[in-house]
Amino acid sequence: MAFYMENIEELKVENQTTVTSFILLGFSHLAKLQLLLFVVTLLMFLVTMMGNFLIVAITIIYPVLHTPMYYFLKNLALIEICYSLCIVPRMLVNLLVGRKAISFSACALQLNGVILFVTSECFLLGAMAYDRHVAICHPLHYATIMSKRLCIQIVAGCWLSGVSVAVGFTSWLFSFPFCGSKEINHFFCDVSPVLKLVCADTSLFELVIFIDIVIIVMVPFFFISVSYIHIIYAILQIPSPEGRHKAFSTCAAHLVVVTLFYSTAGIIHLRPKSNLSSNSKKLVSLSYTVVTPMLNPIIYSLRNKEVKESLRRLFGLGMFMERPSILPLAR
């Protein structure tokens, strides 16, 4: 009898872990608005791709943009491109044809990408704040401090930190047994909705992920806040209004992007469980997966004279009149 019960328990565990696919419910609660949501999302996705690809193109083509600030901006645009490609195409398919099934491996891969790009963006925004801090508070030493080597090391660190965190958490989460419903109440595989399908004790996982939230989200945010306190103080010491305006304009776009990011993704992302309802969480997630990546290149284009001039030259066939050259990141 004991042997029989042991076999039953082993069979139950085996059945729990043998998962071949999940169901992404998406916006099924908005059935009448599916087509409208598809059209709006598709348009924003196209703007996102075009805007961020243009940022990458002009920061490579034009020597005037071969500086640390634009090197970081280029990597931010690359992150937004990859992040959008990781989530939006599948979402569009689900909205248009109702294909809501996602395989176990595809779900794990998508979650891995989400964590990777959000983590990398958090650290990159902190690095961009440091760059603006050095440029405004230590302008005479800017070229020395923000060397090409340092910029490459910082960006590599941002990407590698995202890879390590993503692989670690994804492999851990998907090693848990899944049982019961296979319906993920979200439009992509995120930590919180996937965690709800786990039929095991996840208290240690939730504790570790909370600690990582503090490190990944709050530490860069604190660093950004301290940097901007010093930046504001330095700007106020500039005697002329024109000088103050010029100094502030160099970091205004970054400040707007940081505000957008932390007011959406920075608040709820990577939280295993939250007090927000599932539908509310979907709307917040929609803002930072679709809207924010679209707004970032627009913000930098509108707030930055050099970016606007480079875009004008690009569309005015300036790219054929000037041969691109590779200059140091810090001139």
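The values are calculated or read from the model by the stated rules, or taken from the named source; none is laboratory data. Keep in mind that this is a model prediction, so the values were computed, not measured. Note that each Cβ is placed from the backbone with ideal geometry, even for glycine, and that neighbours are counted across all protein chains shown. Remember, those area values only see protein heavy atoms, side chains included, never the ligands or the DNA or RNA. Shrake-Rupley method; radii C 1.70, N 1.55, O 1.52, S 1.80 Å.
Summary table
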{"item": "The range 69-79 - phi-based ³J(HN,Hα) in whole Hz, Karplus 6.51/-1.76/1.60, Gly and Pro as x", "result": "4, 7, 5, 5, 4, 4, 5, 5, 5, 5, 4"}
{"item": "Heavy-atom accessible area per residue - the range 134-227, 1.4 Å, Å²", "result": "48 Å²"}
{"item": "Spin-label proximity, Ile215 to the range 151-186 - amide N less than 14 Å from point 7 Å beyond Cα toward beta carbon", "result": "158, 160-170"}
{"item": "Rounded percent of accessible protein surface that carbon and sulfur make up, the range 146-274, 1.4 Å probe", "result": "72 percent"}
{"item": "Filter on Lys148/Lys305; Lys32/Lys282; Lys74/Lys282 - keep pairs with C-alpha separation over 19 Å", "result": "Lys148/Lys305; Lys74/Lys282"}
{"item": "Residues whose placed amide H lies under 5 Å from that of Phe22, excluding near-sequence neighbours", "result": "Ile102, Ser103, Phe104"}
